[in-house]
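Accompanying notes for the structure given below.
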Amino acid sequence: MKATLQPGRIVKESQQVKLMFSEQLSRLQSKQQQDTELLEEIRSFSKHRAAIEKEYGQVSTHLLF
């Protein structure tokens, strides 16, 4: 970005930079929210799977003895 001696142009360019920064920040926050939701789904899935495997193990043990 070139700084010129025209004050209006400098203001306009800084507003464009602020807008770009704001858009990037918004995208990053959205991505973070999506990643958080995905991790929560993985955690829930893993917890459910562990409960099923535990129950299966208990049933298998009872069938063997």
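Lysine pair count for the chain (Cα-Cα distance under 25 Å; residues 8 or more apart in sequence or on different chains): 4. Note on the chain: helix-only mean residue ellipticity at 222 nm, from DSSP H runs of 4+ residues weighted -39500 (n - 2.57) and normalised by residue number, equals -33500 deg cm²/dmol.
In order along segment 13-30, the phi-based Karplus estimate (6.51 cos²θ - 1.76 cosθ + 1.60, θ = phi - 60°) of 3J(HN,Hα) comes to 5, 5, 5, 5, 5, 4, 5, 4, 4, 4, 5, 5, 4, 4, 5, 5, 5, 5 Hz; Gly and Pro are listed as x. Place +1 on the Cβ of every Lys and Arg and -1 on the Cβ of every Asp and Glu in the chain, take the dipole about the Cα centre, and give the residue among Thr36, Ser22, Val59 whose Cα lies farthest towards its positive end. Most positive-ward Cα: Ser22.
Here, each number is a calculation from the coordinates, and none is a lab measurement. Note that the structure is a prediction, hence the values are computed from the model and not measured. Every residue, glycine among them, receives a Cβ derived from its backbone with ideal geometry; neighbour counts consider all protein chains shown.
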